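For reference, the structure discussed in these notes is given below.
The values are calculated or read from the model by the stated rules, or taken from the named source; none is laboratory data. No experiment lies behind these values; they were computed from the predicted model shown. Counting neighbours? That spans all protein chains shown, and the Cβs are built from the backbone with ideal geometry, glycine included. Heads up: the accessible areas ignore ligands, DNA and RNA and are worked out on the full protein's heavy atoms, side chains in. Shrake-Rupley method; radii C 1.70, N 1.55, O 1.52, S 1.80 Å.
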Amino acid sequence: DVKVTQSSRYLVKRTGEKVFLECVQDMDHENMFWYRQDPGLGLRLIYFSYDVKMKEKGDIPEGYSVSREKKERFSLILESASTNQTSMYLCASSPMTIETQYFGPGTRLLVL
Amino acid sequence: KQEVTQIPAALSVPEGENLVLNCSFTDSAIYNLQWFRQDPGKGLTSLLLIQSSQREQTSGRLNASLDKSSGRSTLYIAASQPGDSATYLCAVRVGTYKYIFGTGTRLKVLA
């Protein structure tokens, strides 16, 4: 079974803090994704990576950066957290063909 | 611009009923369409994937259909059970790595 794990289920941070969200997959997938999910807006793609050290911006990259130093690990960084980044963050991975994505359990982030 | 809509936003049915969830999309240029299940506070689990050249896919009590020309997909759940209670999302793949997700239908199956 594909397993995608995320470092935290719940996080509470203060405005202005630097926040790291980690995602690890164990299936040797080439592609990894970070989404945020908000009520009424569905899932929106923040960043995508198709290989180590390679990344592409998604629909809403502002205020975020990513890092992929190893194939199995994809990190999302909030450089200076703001209250409008309070959301559910979902990581996903897929093989090169991207026929389907496998999602992690999500991290619910609250920025105060 | 592709938009994916799921109506209704919420649905309650008694156990044992057959039900249909709807997904509509505005642009027929899609690679595939996927149905996901999301339990409260959890990630998404893929249920069925339909390629753009296919009309339907089946898995157990689930059957998904795709009509690209009309921009519609349905997810049919037979003999619903309380364990089917979850939010169901559809997503269309529109690019190399790009999926557009609907906002989901929250299903409650009453025992």
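What residues does segment A:30-51 have that are buried by at least 50 Å² of accessible area in the full protein assembly compared to the chain on its own, 1.4 angstrom probe?
A:Leu43
If amide hydrogens are placed 1.01 Å from N in the peptide plane, which non-local residues have theirs closer than 5 Å to the one on B:Asp27?
B:Glu3
Using a 1.4 Å probe and counting only protein heavy atoms, how much accessible surface gets buried when A and B come together, both sides summed, in Å² to the nearest 100? It would help to have the intermediate numbers written out before the result.
Values: alone 6220 and 6100 Å², together 10690 Å².
Interface between A and B: roughly 1600 Å².
With respect to the cross-link table entries A:Lys13/A:Lys70; A:Lys57/B:Lys68; A:Lys13/A:Lys53; B:Lys1/B:Lys42; B:Lys1/B:Lys98, which display a Cα-Cα separation exceeding 19 Å? Provide the component values of the computation, followed by the final result.
Values: A:Lys13/A:Lys70 26 Å; A:Lys57/B:Lys68 28 Å; A:Lys13/A:Lys53 27 Å; B:Lys1/B:Lys42 29 Å; B:Lys1/B:Lys98 13 Å.
With Cα atoms farther than 19 Å apart: A:Lys13/A:Lys70; A:Lys57/B:Lys68; A:Lys13/A:Lys53; B:Lys1/B:Lys42.
If the only charges are +1 at each Lys and Arg Cβ and -1 at each Asp and Glu Cβ, what is the size of the charge dipole of chain B around the Cα centre, to the nearest 20 debye? Intermediate values should be presented prior to the final figure.
Numbers: 11 positive and 8 negative charges, 56 e Å.
Result for chain B is approximately 280 debye, rounded to the nearest 20.
Taking all protein chains together and a probe of 1.4 Å, list A:Met54, A:Met88, A:Met96 from the most accessible to the least accessible. Could the numbers behind the result be given before it?
Working: A:Met54 75, A:Met88 10, A:Met96 135 Å².
The ranking, largest first, comes out as A:Met96, A:Met54, A:Met88.
How many partner chain Cβ atoms sit within 10 Å of a residue's Cβ in peptide A:83-90, on average, as a whole number?
Values: counts 0, 0, 0, 0, 0, 4, 0, 4.
For peptide A:83-90, the averaged partner shielding equals 1.
Indicate, rounded to the nearest 5 percent, the antiparallel portion of the DSSP beta bridges found entirely in segment A:3-112.
Values: 36 of 40 bridges.
So the antiparallel bridges amount to about 90 percent of the total.
Using a 7 Å offset from the Cα along the Cα-to-Cβ direction at both A:Thr97 and B:Ala78, what is the distance between the two label points in nm, to one decimal?
In this crude label model, A:Thr97 to B:Ala78 measures out at 2.7 nm.
Using each residue's phi in segment A:103-109, evaluate 6.51 cos²θ - 1.76 cosθ + 1.60 at θ = phi - 60° and report the 3J(HN,Hα) Karplus result to the nearest Hz, with x for Gly and Pro.
After applying 6.51 cos²θ - 1.76 cosθ + 1.60, I find 9, x, x, x, 10, 8, 9 Hz.
Along the charge dipole of the protein assembly as shown, which of A:Ile60, B:Gln34, B:Val20 sits closest to the positive end, that is, farthest toward it, with unit charges on the beta carbon of Lys, Arg, Asp and Glu (+1, +1, -1, -1)?
A:Ile60
Among B:Lys98, A:Lys57, what's the order by accessible area (1.4 angstrom probe), most exposed first?
Numbers: B:Lys98 55, A:Lys57 130 Å².
Reading off the accessible areas and sorting them downward yields A:Lys57, B:Lys98.
What does the average come to when, for each residue of peptide B:30-41, you count the partner chain Cβ atoms lying within 10 Å of its Cβ?
Numbers: counts 0, 2, 3, 0, 3, 0, 4, 0, 6, 1, 0, 6.
Mean partner-chain Cβ count within 10 Å for B:30-41: 2.
Given 0.36 nm per residue, what is the gain on full extension from A:Arg9 to A:Ser65 after removing their alpha carbon distance, in nm?
Values: separation 56, 0.36 × 56 = 20.16 nm, distance 2.00 nm.
Extending this stretch completely gives an extra 18.2 nm.
Could you state the accessible area per residue of chain A in Å², with a 1.4 Å probe and every protein chain left in place? Could you put the intermediate results ahead of the total?
Numbers: 5420 Å² over 112 residues.
In whole numbers, chain A has 48 Å² accessible per residue.
Take each of the peptides B:54-61, B:27-34, average the number of other beta-carbon atoms within 10 Å over its residues, and list them starting from the highest. It would help to have the intermediate numbers written out before the result.
Details: B:54-61: 12.5, B:27-34: 18.2.
For the peptides B:54-61, B:27-34, the packing ranking is B:27-34, B:54-61.
For the residue pair A:Thr83 and B:Lys108, what label-to-label distance in nm results when each label sits 7 Å from Cα along the Cα-to-beta-carbon direction?
A separation of 3.0 nm, rounded to one decimal place.
With only Lys, Arg, Asp and Glu charged, each at its Cβ (+1 for the first two, -1 for the last two), find how big the charge dipole of the protein assembly as shown is about the Cα centre; round to the nearest 20 debye. All intermediate terms of the calculation are to be shown ahead of the outcome.
On the way: 26 positive and 23 negative charges, 77 e Å.
About 360 debye.
Using a 1.4 Å probe over the heavy atoms of the protein chains, calculate the carbon and sulfur portion of the accessible area of the protein assembly as shown as a whole percent.
Details: 5360 of 10690 Å².
Of the solvent-accessible surface of the protein assembly as shown, carbon and sulfur hold 50 percent.
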